[in-house]
Amino acid sequence: MATGYLEILRARHAARLLAGTLVGRLPCATAPIAIVLFVRAEGGTYSLAGALAAVYGVANAVGQPVLGRIVDLCGQPRVQLPAAVLSGVAMAVFAFAGIGTLPLAYAAVAGAGLFTPPLEGGLRALWPSVLRREDQVHTAYAMDAVAQEVMFTVGPLLVTLCVSLWSAQAALLLLNVVGVLGALSVVVSEPSRAWRSAPREAHWLGALRSSGLLALLAAFLFIGMALGSITVASVPYADEHGGDAVYGWLMAALGFGALVGGTVYGARQWAGEPARRLRVLVALLVVCYLPLMLMPDAVAMVALTALAGVFLAPAIACAFVLVDRHAPRGTVTEAFSWLVTTFTVGHSVGTGVAGPVVEQGGALWGFAVPGVAGGVSLLVLLATGRVVAAPGQGAVVAAGSENDPNRAVEPRFSSGDRA
């Protein structure tokens with residue numbers, strides 16, 4: 001199972017780019033949890049915590065495709081590092097100002113989200129130039145999804161550890177300092193400095209002119225909503241079953257389940273059409289969300305939360321391949337940033353919806369939200385099946401094409417029946 005992953009990591013620059021991106025994205029990955037715990041420590045309500053987390057997510061959703069398009073036009077170093085610094089400064093303002101002045105609190109979290117650098121989309125733009133072969137790029141996408149889940153497993157534990165040892169304020173500050181260092185590691189690397197986007201057709205919609213990409217984004221909006229609702233619904237459950245430690249384990253278990261699922265999924269090449277496989281994976285994801293409503297004791301709930309995450313990373317890795325197919329030429333960073341954006345918007349909507357639902361009906365109804373949201377995602381994929389399965393008009397996964405200074409004709413990977 002490890003052979004394919006080791007081959008990727010042995011490639012020059014691959015391990016550094018992956019690690020730097022993960023560390024750089026740590027503030028974004030942990031922000032919803034850190035904000036919820038910080039607001040609660042400051043004496044705020046669940047609704048306020050959900051609203052602030054939602055504002056962060058919406059601002060992040062706005063910033064990612066905008067910054068992604070600027071990266072495609074200007075290169076990575078000129079955008080990624082300044083954005084990371086601005087995001088960290090804004091979150092520091094929130095950490096020091098607290099929730100005493102709500103307009104300032106909302107403005108600070110909005111700024112932190114808006115300037116979050118598009119490191120995730122940037123990494124996927126770099127893989128073809130670093131790895132060259134199509135099968136390696138597909139394996140890298142799966143490994144990328146798995147590595148993200150390592151971060152989502154470790155991140156909640158780091159937040160709760162910082163809160164336990166110091167404070168929720170310290171957690172916000174420390175994670176953002178670490179994030180800036182991660183972004184710095186990426187942008188000073190040779191592939192990041194050398195990368196240039198392929199020539200693109202001028203169009204105000206950019207990557208969004210692809211109908212297949214729009215269908216994928218709509219589906220992942222609701223998957224993000226499901227995850228966001230779990231983040232909030234788990235707080236009152238943990239309060240009744242052991243406190244912050246249980247909450248940290250629940251969030252870590254969600255990431256661990258996705259880690260296991262993604263590791264198994266990425267260990268082989270899968271026959272068949274990726275669009276059909278994505279529908280199956282999302283259906284399994286929905287089935288695994290439903291048992292959360294049972295709300296057993298803490299140990300069993302951790303196990304159920306891990307099960308709920310098993311098919312997440314495989315679904316994301318499969319979506320990466322489809323984004324490659326449908327993204328118009330020259331919009332690689334923007335296209336992947338839109339996927340991050342819709343996922344983040346969904347997560348934010350989920351936190352915003354789950355807050356009032358939990359206050360009115362308790363954790364039980366909060367855990368009903370992910371099942372409903374996942375079901376809607378599946379319906380979207382079923383309704384747009386032909387569009388998603390159709391070959392893209394400008395697939396962007398091409399060895400070296402995003403770094404070709406001579407603007408040569410772009411050799412495209414053909415996914416065929418393998419992903």
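Computed values, structure above
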item: Cα shape, segment 76-132, gyration tensor, a/c 1.5 rule; result: prolate
item: Virtual paramagnetic centre 7 Å along Cα→Cβ of A300, amide N under 15 Å, in segment 231-257; result: 241
item: Overall form of segment 222-281 per C-alpha gyration tensor (a/c, 1.5; a/b vs b/c); result: oblate
item: Residue-averaged 222 nm ellipticity for the chain, from DSSP H runs of 4+ at -39500 (n - 2.57), nearest 500; result: -26000 deg cm²/dmol
item: Residue-by-residue Karplus 3J(HN,Hα) for segment 95-104, coefficients 6.51, -1.76, 1.60, Hz, glycine and proline x; result: 5, 7, 7, x, 10, x, 10, 4, x, 5
item: Separation between Cα centres of segment 310-342 and segment 215-234, rounded to whole Å; result: 16 Å
item: Calculated FRET value between A245 and E359, using beta carbons and R₀ = 30 Å, to 0.05; result: 0.80
item: Protection-proxy order for peptides 95-102, 381-388, each taking the mean of Cβ atoms within 10 Å per residue, highest first; result: 381-388, 95-102
item: For segment 14-80: rounded, prolate or oblate by the Cα gyration tensor [a/c cutoff 1.5]; result: oblate
item: Percent carbon-and-sulfur accessible area, segment 66-147, ignoring ligands, DNA and RNA, probe 1.4 Å; result: 70 percent
item: Contour excess over end-to-end distance, with Cα ends at A170 and V372 and 0.36 nm allotted per residue; result: 69.2 nm
item: For segment 256-269, Karplus couplings with θ = phi - 60° (6.51, -1.76, 1.60), whole Hz, Gly/Pro x; result: 5, x, 5, 4, 5, x, x, 5, 5, 4, x, 6, 8, 8
item: Label of the coordinate-derived value, Kirkwood radius over Cα pairs in Å, listed as (i) 21.7; (ii) 22.4; (iii) 21.0; result: (iii)
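The values are calculated or read from the model by the stated rules, or taken from the named source; none is laboratory data. In this text, all values refer to a predicted model and were calculated from it rather than measured experimentally. No Cβ is skipped: glycine too gets one built from the backbone with ideal geometry, and neighbour counts run over all protein chains shown. Side chains are part of the model used for accessible areas, which takes the heavy atoms of the whole protein and leaves out ligands, DNA and RNA. Shrake-Rupley method; radii C 1.70, N 1.55, O 1.52, S 1.80 Å.
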